[in-house]
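Participant: One structure follows; several queries about it will come next.
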Amino acid sequence: AYALGAVRIIRFGALVQQANAIESLSNVNVLCLDKTGTLTANKLSVEEIVPLEGSEADLRALLGDVVASAAVRNKTAEAIAAACPGTARPLSRDVAFSSARKWSAVAFAPAAGPGAEPGQVGVVAMGAAEFLRPALGGGMEDEAAWSELRARIEPFTSRGLRVLVIAAHADPGGLAGDEDAPTLPVGMRALGLVILQDELRPDAAATLARFAAAAVTVKVISGDDPETVVALAVQAGLGPDLRSIAGPALDSMDDEQLAGIALETTVFGRITPAQKERLVDALRSRGRYVAMIGDGVNDVLSLKKANLGIAMQSGSQAARGVADIVLTNDSFASLAPAVEEGQRIRNGMQDVLRLFLSRITTVGLLIVTSLVIGIFPIDLRNGSALVLFTVGVPTALLAAWAQPGARDHDSLGRTLARFVVPAAVLSSLAGLAVLFGVIVLQLGGLDAIAGRGSVEPAALDAAVAIAQSALTSFLVFAGLLLVVFVEPPAAWLAVIEPQSPDRRPTILAGGLAALYLVMLAMPAGRTIFALHTLGAAELAIVFVAVVAWAVALHAVWRYRVVERFLGI
C-alpha cells in the first residue's frame with residue numbers, strides 16, 4: 001500500500017526518497033514552512049522607496065550601484081535592480097546576504113556613495129531593521145528614536161510588505177571581521193527604506209484549508225518581520241488572529257519555555273537557522289509529529305531534526321539530499337494531497353486490521369471452546385464462506401475506499417483491547433449459543449435428550465451439520481455488521497471511530513448480507529460452501545443472536561467497559 005501510495009503522489013508533484021516517507025505523511029500533525037516560496041510565489045517587486053535622508057533619486061541611484069556591484073544576487077537584489085538601474089563600481093569588500101545575519105553589505109573602493117562623506121570610501125548595508133540596529137547611530141540606540149523608525153516601518157509590514165533598511169557609513173574599514181563573522185561599523189546612518197511586495201500564491205488559501213481539514217497545524221517560520229508574515233498568513237486564510245513572536249525573543253528562553261511558545265504560536269519571524277532547529281526540536285519534545293519544508297543549506301539541520309524532511313526541487317543539493325520527499329514543482333500545494341494519501345492508506349489499513357483480527361480471534365475462541373466437548377464448530381468450506389463475505393471482499397474495498405483525515409490511531413495492543421477483544425469475545429459467546437442452541441433444537445430439546453439418555457451418532461452428526469450452517473450464518477452477519485461499526489454511517493453508531501461521510505461500506509455490508517441469503521436459499525450456493533437449509537426456527541435463533549450481539553457490543557464500546565476494566 002505504501003509503495004503504491006509513493007507512485008500515486010508522484011502525479012501531485014511529490015517525489016519520495018525514503019521508504020518510510022508515506023507512513024510518516026500519515027502521522028504528520030504539524031507542518032513547519034517558510035513564507036517565501038510557500039505562501040508566496042517568491043516573485044518580489046519594489047513597491048516603494050522611502051528616503052529617510054536626502055532625496056529619493058539619490059537613494060535609488062545608490063541602491064542601483066549597490067546591487068549592480070555585488071557579486072551575488074538573490075531575489076531581493078534582482079527586484080531592486082529591476083526598479084533601480086545602476087552602475088557597477090569597484091568594491092573593497094562584499095558581504096553577501098546570510099539568513100543568520102539578515103543583512104548584506106558592500107564597501108565601495110574608489111568613492112563613497114551619496115550616503116557617505118564626499119571624497120571618502122563608504123559602506124552600504126541593507127537588511128532587517130532589528131539586525132542592523134546595533135550598528136545604527138543617529139540616536140537609534142535611544143528607544144524613542146528606534147520607536148520612530150519602527151513607526152515608519154509598521155504601516156508597510158501590516159499590509160504584508162517586506163521592509164529593508166538601507167544604512168551607510170563613511171569609513172570602509174568599518175566593514176571588518178572575517179568571511180564567517182563580518183561586522184558592520186558602529187554609527188551607520190539610516191538612509192531609507194526599501195518596500196518589497198511578494199506575490200501571494202493563488203492556491204495558498206485552498207492548500208491551507210486542506211491541511212486544516214486533515215488536522216495538520218501549520219507553523220510559519222520566516223526570516224522576515226513577524227508583522228509582515230502575519231499579514232500575509234491572514235490574507236492566505238491561515239486565521240484572523242495569529243499569535244506571533246520574533247526570533248530575538250527566543251534566545252533567552254530555556255527548552256521548556258520554548259516548547260510552550262512553539263505550541264501556542266503560529267508565526268515566527270526573524271528566525272535564524274539555529275532557532276529553526278530548536279523550534280522543530282521543541283515541537284517534537286511535546287509529542288508532535290513534525291514535517292519541515294526547506295530549500296537552502298541553512299535548512300539542512302532542521303530538515304534532519306524533523307520527523308519528515310521536505311525539500312523544494314529548486315533548493316540546494318544539500319537540502320534535497322537529506323529530505324525524505326522532494327516537491328518537484330516547488331509548490332507546497334503538492335504536499336496537501338500527499339498528506340491525505342498517507343492518511344488514507346493508514347486509515348484503510350487500520351480498518352482492515354480490525355476486521356481480520358476480529359475474525360481470527362473469534363474463530364480461534366470458537367474452536368478452542370467447542371473442541372472441549374468434541375465438536376468442531378465450522379466445516380472447512382463453511383470457513384471459506386466466512387472469509388469471503390466478512391474479510392475477503394470487504395477489506396479489499398475498504399482499503400480502496402479509505403478516506404483521508406486524522407484519527408486517534410492506537411497501538412496494536414490498544415486496538416486489540418478497545419475493538420478486537422470485545423468483538424471477538426461477544427461473537428464467540430453468541431456463536432456458541434447459536435451452535436449448541438441449534439443442536440439442542442434439532443435433537444428435540446433438552447427434555448428429549450435427557451429422556452433418551454444418549455443420542456444416536458447419525459442424528460447428532462445431522463444436528464451438528466445444521467448447527468454449523470447456523471453458526472456460519474451468524475458469523476457472516478456479525479462480520480458484516482463489524483464493517484458498519486468500522487465505518488459508521490451515523491453518529492449514534494460512531495463509538496470507536498468518527499462518523500464516516502462515506503456510505504459505501506454500509507451499502508456493501510447490506511449487499512453482501514442479501515447475497516448470502518440468496519446463496520443460502522439456492523441449492524448450488526449451499527453446495528459450494530457445504531451449507532444446509534435452515535428452517536424458520538434456526539433462522540430465528542441466528543437473527544436473535546445477531547441483534548443481541550450487536551446491542552451488547554455497542555454497549556460495551558459506548559460505556560468503555562474494557563478500557564475501564566484494564567485502566568486505559
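Participant: Could you list, in sequence order, the residues of the range 309-338 that are touching a Leu at 6+ places or on another chain (Cβ under 6 Å) and among the charged types (D, E, K, R)?
Facilitator: Correct list: Asp324 only.
Participant: Does Val368 count as among the β-branched types (Val, Ile, Thr), under 30 Å from Phe436 (Cβ atoms) and open to solvent by 60 Å² or more (accessible area, probe 1.4 Å)?
Facilitator: So Val368 passes the test.
Participant: Tell me which residues, restricted to the range 459-496, are outside any helix (DSSP H, G or I) and open to solvent by less than 10 Å² (accessible area, probe 1.4 Å).
Facilitator: Pro488
Participant: Please find, among Asn307, Asn298, the residue that is under 16 Å from Ile22 (Cα atoms) and surrounded by fewer than 24 Cβ atoms within 10 Å (Cβ to Cβ). Give the steps one after another, and end with the answer.
Facilitator: Working: Asn298 fails: under 16 Å from Ile22 (Cα atoms).
Being under 16 Å from Ile22 (Cα atoms) and surrounded by fewer than 24 Cβ atoms within 10 Å (Cβ to Cβ) holds for just one of Asn307, Asn298, which is Asn307.
Participant: Inside the range 8-58, can you point out the residues that are charged (D, E, K, R) and either open to solvent by less than 10 Å² (accessible area, probe 1.4 Å) or not in a helix (DSSP H, G or I) (or both)?
Facilitator: Passing the criteria: Asp34, Lys35, Lys43, Glu47, Glu48, Glu53.
Participant: Moving on to the next point. Scan the range 137-160 for residues that are open to solvent by 10 Å² or more (accessible area, probe 1.4 Å) and outside any helix (DSSP H, G or I) and jot them down.
Facilitator: Residues of the range 137-160 open to solvent by 10 Å² or more (accessible area, probe 1.4 Å): 137-148, 150-152, 154-156, 158-159.
Result: Gly137, Gly138, Gly139, Met140, Glu141, Asp142, Ser158, Arg159.
Participant: Are there any pairs, at least 6 apart or on different chains, whose C-beta atoms fall under 7 Å, with the first in the range 424-447 and within 21 Å of Leu355 (Cα to Cα) and the second among the hydroxyl-bearing types (Ser, Thr, Tyr) and surrounded by fewer than 19 Cβ atoms within 10 Å (Cβ to Cβ), and if so, which?
Facilitator: Close Cβ pairs (under 7 Å, with a partner that is among the hydroxyl-bearing types (Ser, Thr, Tyr) and surrounded by fewer than 19 Cβ atoms within 10 Å (Cβ to Cβ)) amount to Ala424/Thr361; Ser428/Thr369; Leu432/Thr369.
Participant: I'm trying to understand the selection: among the residues of the range 233-278, which are surrounded by 22 or more Cβ atoms within 10 Å (Cβ to Cβ), more than 22 Å from the chain's Cα centre (by Cα) and not in a helix (DSSP H, G or I)?
Facilitator: Once the filter is applied, which keeps residues that are surrounded by 22 or more Cβ atoms within 10 Å (Cβ to Cβ), more than 22 Å from the chain's Cα centre (by Cα) and not in a helix (DSSP H, G or I), the range 233-278 yields Gly269, Arg270, Ile271.
Participant: Next question, about the same structure. Open to solvent by 70 Å² or more (accessible area, probe 1.4 Å), modelled with pLDDT of 90 or more and either touching a helix residue (DSSP H, G or I) at 6+ places or on another chain (Cβ under 8 Å) or not aromatic (Phe, Trp, Tyr) (or both): is that true of Ile528 in this structure? Before you say what the answer is, go through the steps one by one.
Facilitator: Numbers: open to solvent by 70 Å² or more (accessible area, probe 1.4 Å): yes; modelled with pLDDT of 90 or more: yes; either touching a helix residue (DSSP H, G or I) at 6+ places or on another chain (Cβ under 8 Å) or not aromatic (Phe, Trp, Tyr) (or both): yes.
When the stated conditions are applied, Ile528 passes them.
Participant: Please determine, by comparing only the residues of the range 378-410 that are among the charged types (D, E, K, R) and over 21 Å from Ile9 (Cβ atoms), which one is surrounded by the most Cβ atoms within 10 Å (Cβ to Cβ). Don't jump to the end; show me each part of the working.
Facilitator: First, pick out the residues of the range 378-410 that are among the charged types (D, E, K, R): 379, 381, 407-408, 410.
In the following step, the residues that additionally are over 21 Å from Ile9 (Cβ atoms) were identified as 379, 381, 408, 410.
Values: Asp379: 19, Arg381: 14, Asp408: 9, Asp410: 15.
Among residues in the range 378-410 that are among the charged types (D, E, K, R) and over 21 Å from Ile9 (Cβ atoms), the one surrounded by the most Cβ atoms within 10 Å (Cβ to Cβ) is Asp379.
Participant: Look through Ile325, Ile360, Ile375, Ile345 and report the one residue that is open to solvent by less than 50 Å² (accessible area, probe 1.4 Å), modelled with pLDDT of 90 or more and of a type in the set (A, V, I, L, M, F, W, C).
Facilitator: Ile325
Participant: Restricting attention to the range 279-292, report how many residues are open to solvent by less than 10 Å² (accessible area, probe 1.4 Å) and touching a strand residue (DSSP E or B) at 6+ places or on another chain (Cβ under 8 Å).
Facilitator: Of the residues in the range 279-292, 6 are open to solvent by less than 10 Å² (accessible area, probe 1.4 Å) and touching a strand residue (DSSP E or B) at 6+ places or on another chain (Cβ under 8 Å).
Participant: Could you tell me how many of the residues in the range 541-568 are touching a residue at least 60 places away in the same chain (Cβ under 8 Å) and closer than 15 Å to Leu475 by Cα?
Facilitator: 8
Participant: Just checking, does the range 161-183 include any residue being under 30 Å from Ser26 (Cα atoms), of a type in the set (D, E, K, R) and not in a helix (DSSP H, G or I)?
Facilitator: No, the range 161-183 contains no residue that is under 30 Å from Ser26 (Cα atoms), of a type in the set (D, E, K, R) and not in a helix (DSSP H, G or I).
Participant: At pLDDT 90 or above, in a helix (DSSP H, G or I) and either more than 23 Å from Pro501 (Cβ to Cβ) or open to solvent by 30 Å² or more (accessible area, probe 1.4 Å) (or both): is that true of Leu355 in this structure?
Facilitator: In short, no.
The values are calculated or read from the model by the stated rules, or taken from the named source; none is laboratory data. Quantities reported herein were computed from a predicted structural model and do not represent experimental measurements. Virtual Cβ from ideal backbone geometry, glycine too; neighbours counted across all protein chains shown. With ligands, DNA and RNA removed, areas are computed over all heavy atoms of the protein, side chains included. Shrake-Rupley method; radii C 1.70, N 1.55, O 1.52, S 1.80 Å.
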